[in-house]
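The values are calculated or read from the model by the stated rules, or taken from the named source; none is laboratory data. This one's a predicted model, so the numbers in the text were calculated from it and none came from an experiment. Positions of Cβ are generated from backbone atoms using ideal geometry, with glycine treated the same way; all protein chains shown enter the neighbour counts. For accessibility, only protein heavy atoms count, side chains too; no ligands or nucleic acids. Shrake-Rupley method; radii C 1.70, N 1.55, O 1.52, S 1.80 Å.
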Amino acid sequence: MAEQQPKPSQAPISPLKNFFAGGFGGVCLVFVGHPLDTIKVRLQTQPAPLPGQPLLYSGTFDCFKKTLVREGVRGLYKGMAAPIVGVTPMFAVCFFGFGLGKKLQQKTPDDILTYPQLFAAGMLSGVFTTAIMAPGERIKCLLQIQAASGEIKYGGPLDCAKQLYREAGIRGVYKGTVLTLMRDVPASGMYFMTYEWLKNILTPEGQSVSDLSVPRILFAGGMAGIFNWAVGIPPDVLKSRFQTAPPGKYPNGFRDVLRELIREEGVMSLYKGFTAVMIRAFPANAACFLGFEVAMKFLNWLAPSL
């Protein structure tokens, strides 16, 4: 993969444009992907059944059906306010980090980056986003599982953040940050590298990647999301379990979560919610990258010299 050189695009790299276009792409992603994210978190955090009792959810489609029957369509969008509020700056910072990572590796504006360099730029974006992502993910997961358990402790994202801060200070809000880094740094590298790789493969000879058709952008973005989650789902399972656990349950952090999961449920428990993640990954990330590309075209038309 690393030997094939990317094809040049017409516009120079602009981290500032990446910032605004990435924010718009993130909003598109949440609207398309949040229902399946709710299913994923509920599957990952469902309690182990008592002897002789069945699992609360037998799988992705069972969870979807039960959520829809018990809570209606609104149940699938529980906890969406937190990622919507966080996702615009988070994806803005994510795409800004990727743009900055690319720009830092260029000696001249015309330099074409290799795929390992694109992977490194993507990893930088994962570091950038964790500060915003970690508290938003913690709040989202807590709101998603409380609706499933029937115990209403939090009145909404703001109330959840206030209670977490009151109970454990800023550390309570940022619980799971290390696991968020472990998920997002390598996964973001794979995410952006895969997108750029597929864009180049799908671009007809003699044309620019900036002129790629909508269906090809959707395919490249969707596949980038799948590759992203193929790398990110094991640490995501650990993160969801750790962030929704009662205080003090895992004193040694993710190591305790990992030991418990493997001991009680086996190695495959690290891929809980895999079906929901993969079903969500393609349309959500296709929407994200299409939103990003549309916004970039608009910004390049509005301010070509920016």
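When the chain is treated as a Gaussian network with alpha carbon springs shorter than 10 Å, the biggest mean-square fluctuation among 109, 234, 135 belongs to 109. The orientation-averaged projected area of the convex hull spanned by the Cα atoms of the stretch 158-240 comes to 7.3 nm². Short-range pairs are left out: with C-alpha atoms under 8 Å and at least six residues apart, the relative contact order of the stretch 195-278 is 26 percent.
Seen from a random direction on average, the alpha-carbon convex hull of the stretch 1-123 projects onto 10.9 square nanometres.
Calculated mean residue ellipticity, 222 nm, the chain: -25000 deg cm²/dmol, from DSSP H runs (n ≥ 4) at -39500 (n - 2.57) each, averaged per residue and rounded to 500.
In a DSSP loop and with at most 15 other Cβ atoms within 10 Å, there are no chymotrypsin sites (Phe, Trp or Tyr not before Pro) in the stretch 202-241.
In the stretch 203-293, what GluC sites (Glu not before Pro) fall in a loop by DSSP, with at most 10 other Cβ atoms inside 10 Å?
205
Are there trypsin sites (Lys or Arg not before Pro) in the stretch 129-158 that DSSP puts in a loop and that have at most 11 other Cβ atoms within 10 Å, and which ones?
153
Please go through the residue pairs 40/66; 199/239; 66/249; 102/175 and name each one whose alpha carbons sit more than 20 Å apart in this structure.
With Cα atoms farther than 20 Å apart: 199/239; 66/249; 102/175.
One quarter of the surface of the convex hull around the alpha-carbon atoms of the stretch 147-306 equals 13.0 nm², the direction-averaged projected area.
Roughly speaking, to the nearest percent, how much of the chain's 1.4 Å accessible area is carbon and sulfur?
That share works out to 67 percent.
Couplings for the stretch 40-53, taken from phi via the Karplus curve 6.51 cos²θ - 1.76 cosθ + 1.60 with θ = phi - 60°, read 4, 5, 5, 5, 5, 10, 5, x, 5, x, 5, x, x, 9 Hz in order; Gly and Pro are left as x.
How much accessible area per residue does the chain have, counting only protein heavy atoms and a probe of 1.4 Å, in square angstrom?
Details: 14520 Å² over 306 residues.
Counting only protein heavy atoms, the per-residue value for the chain is 47 Å².
Sequentially through the stretch 80-85, phi angles give Karplus couplings (6.51, -1.76, 1.60; θ = phi - 60°) of 6, 4, 4, x, 5, 5 Hz, Gly and Pro residues having no value and appearing as x.
Each Cα pair under 8 Å and six or more residues apart adds its separation to the average, and for the chain the resulting relative contact order is 29 percent.
When only alpha carbons are used to place a centre, the stretch 74-101 and the stretch 153-193 end up 12 Å from one another. A Cα-only calculation for the chain places Rg and Dmax at 19.9, 67 Å.
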